[in-house]
Amino acid sequence: MNPLKNLYQWVLSWAESTYGTLVLFLVAFVESSFFPVPADPLLMALCLGKIKRSMYYVFICTLGSVLGGIFGFIIGYFLWYAPSGELTGVANFFFRVIPGFTKEVFENVGAQYDAHNFLVIFTAAFTPIPYKVFSITAGVFQINLPTFILASILGRGGRFVIIGLLIRSFGDPIKKMMDKHFNAFIIILTVIFALSYLLIGYLF
């Protein structure tokens, strides 16, 4: 088994532990800045274990993820460039070690920031796009912090609420469906939201 799959299984194993809620918060926090395994699978497992507490787990997961995003923002804002303008050791660590965090991806994300900063952050927070890349680049490019936080709350919270509500309503069968098709479902919803957002901006 490859190391990432082992890590994934290790995260899931905490669903049976009395520390499951704490681990959910911690995984959601670190996944928003550097951890490679998303919090969604652990959230699903915890919700299935105690369906009546699903919205509580959603809240914990959202809180951890948004605070982790703010931590990523701080990394980008304060620790990315040295006073000389060169990349710091922190930046080079992310480029060398964190999966999917390449210089090409970083530059492409930076190019996306414009008048639609809210939409860019929301899309990253809501979809399978690596949110950690956007939380850090938002700090590097000094995106307005309240805008970043609001978009993160709506994006991360919206994603996790959908998971919690679906599992609370349909239980294990919906988990099996989400394992196969959840990312496609989320992408479709994001496209609809983005088009609505742009249309409202055009009309008003």
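Note that the stretch 89-94 has calculated 3J(HN,Hα) couplings of x, 4, 4, 5, 4, 4 Hz, one per residue in order, obtained from phi through the Karplus relation 6.51 cos²θ - 1.76 cosθ + 1.60 (θ = phi - 60°); glycine and proline are x. Here the Karplus relation 6.51 cos²θ - 1.76 cosθ + 1.60, evaluated at θ = phi - 60°, turns the backbone of the stretch 164-171 into coupling constants of x, 5, 5, 5, 5, 7, 10, x Hz, with x for every Gly and Pro. Remark: Phe59, Phe134 ranked as Phe59, Phe134, counting other beta-carbon atoms within 10 Å and listing the fewest first. By the count of neighbouring beta-carbon atoms within 10 Å, fewest first, Ser169, Ser33 end up ordered Ser169, Ser33.
When Leu24, Leu119, Leu46, Leu145 are sorted by how many other C-beta atoms sit within 10 angstrom of their C-beta, beginning with the fewest, the order is Leu145, Leu119, Leu24, Leu46. In order along the stretch 118-134, phi translates into HN-Hα couplings of 4, 5, 4, 5, 4, 4, 5, 6, 8, 9, x, 4, x, 4, 4, 5, 7 Hz, rounded to whole numbers, per the Karplus curve 6.51 cos²θ - 1.76 cosθ + 1.60 with θ = phi - 60° and x for Gly and Pro.
Bear in mind that the values in this text are calculations on the coordinates, not laboratory data. Keep in mind that what you see is a predicted model, and the values were worked out from it rather than measured. When we count neighbours, we look across all protein chains shown, and the Cβ atoms used for this are built from the backbone with ideal geometry, even at glycine.
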